[in-house]
1. Residues that are among the small types (Gly, Ala, Ser), under 24 Å from Asp165 (Cα atoms) and modelled with pLDDT under 95: does region 9-28 have at least one?
2. Out of region 167-185, which residues are crowded, with 16+ Cβ neighbours inside 10 Å and not in a strand (DSSP E or B)?
3. Has region 133-149 got at least one residue that is under 16 Å from the mean Cα position of the chain (by Cα), among the aromatic types (Phe, Trp, Tyr) and in a helix (DSSP H, G or I)?
4. Restricting the search to region 101-156, which residues are under 20 Å from Glu172 (Cβ atoms), of a type in the set (A, V, I, L, M) and surrounded by fewer than 18 Cβ atoms within 10 Å (Cβ to Cβ)?
5. Please name all residue pairs, on different chains or six or more residues apart, with Cβ atoms under 8 Å, provided the first residue is in region 57-79 and is more than 16 Å from Asp104 (Cα to Cα) and the second residue is part of a helix (DSSP H, G or I) and of a type in the set (Val, Ile, Thr).
6. Go through region 30-113 and tell me which strands (runs of 3 or more DSSP E), entirely inside it, have 1 or more residues that are under 24 Å from Gln181 (Cα atoms), in contact with a strand residue (DSSP E or B) (Cβ under 9 Å, 6 or more places away or on another chain) and among the hydroxyl-bearing types (Ser, Thr, Tyr).
7. Just name the residue that is surrounded by the fewest Cβ atoms within 10 Å (Cβ to Cβ) out of those in region 54-100 that are of a type in the set (A, V, I, L, M) and out of contact with any helix residue (DSSP H, G or I) (no Cβ under 8 Å at 6 or more places or on another chain).
8. Take the residues in region 114-132 that are of a type in the set (Ser, Thr, Tyr) and in a loop (DSSP other than H, G, I, E, B); name whichever of them is nearest to Ala53 (Cα to Cα).
Amino acid sequence: MIKTTVLLLSLGAAFAATAPVQAQTAAAPAPAASSASCPAVLKHTFKRLQDEAPQDLCQYAGKVVLVVNTASYCGFTPQYQGLEALYAKYAARGLVVLGFPSNDFKQESSDARKIADLCYNTYGVKFPMFASSVVSGADANPLYAELIKATGNQPKWNFNKYLIDRNGKVVEYFPSKVTPQDPALVGKIEQALGG
């Protein structure tokens with residue numbers, strides 16, 4: 001009886017010693033791109049639209065990034081469909097579309113839930129969307145300040161597009177009227193993807 005109790009206590013202690021290590025391993029977050037491998041233009045954190053969880057843009061390092069300022073009540077709002085189609089077509093090859101709602105042109109809701117509902121339920125958006133922010137002028141968010149500096153073009157309306165290559169170089173700016181299916185935009189994306 002004493003030997004059995006000692007054996008059970010030993011097994012219990014061994015299990016207890018390894019259990020926290022297993023739990024820590026399972027709960028460990030996925031490693032983010034190291035700051036050395038993250039290009040300067042992506043070294044920013046923004047809140048995610050649907051839940052305001054902070055998102056480090058360095059997670060997109062090594063991808064081709066299309067950054068778009070969006071709005072819910074604009075004549076260009078149906079471009080969400082085209083942007084989602086681009087994302088669906090090229091995501092496997094390394095494209096990510098990042099949507100930044102903005103009320104700079106007085107065509108966006110102040111209610112994040114309404115913006116999210118329009119994006120996800122009306123247009124079926126699956127690409128990353130961020131909380132509403134300023135994208136033009138002196139108060140532009142830090143990412144947009146860099147995009148404006150790199151291209152010499154700030155958004156003059158909703159659905160302006162900036163293309164960043166895999167190395168973090170801002171390679172092109174497209175105004176609102178350039179649709180997601182425009183051959184000029186698609187050609188630049190394919191070129192940046194390497195095909």
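1. no
2. Of everything in region 167-185, those that are crowded, with 16+ Cβ neighbours inside 10 Å and not in a strand (DSSP E or B) turn out to be Gly168, Ser176, Val178, Thr179, Pro180, Leu185.
3. Scanning region 133-149, I find at least one residue that is under 16 Å from the mean Cα position of the chain (by Cα), among the aromatic types (Phe, Trp, Tyr) and in a helix (DSSP H, G or I), so the answer is yes.
4. Of everything in region 101-156, just one residue is under 20 Å from Glu172 (Cβ atoms), of a type in the set (A, V, I, L, M) and surrounded by fewer than 18 Cβ atoms within 10 Å (Cβ to Cβ), namely Ala150.
5. Final answer for the pair search is Val64/Ile189; Leu66/Ile189.
6. Result: 64-70.
7. Ala92
8. Ser132
The values are calculated or read from the model by the stated rules, or taken from the named source; none is laboratory data. Note that the structure is predicted; figures quoted are calculated from it, not measured. For neighbour counting, all protein chains shown are included, and Cβ atoms are generated from backbone atoms with ideal geometry for every residue, glycine included.
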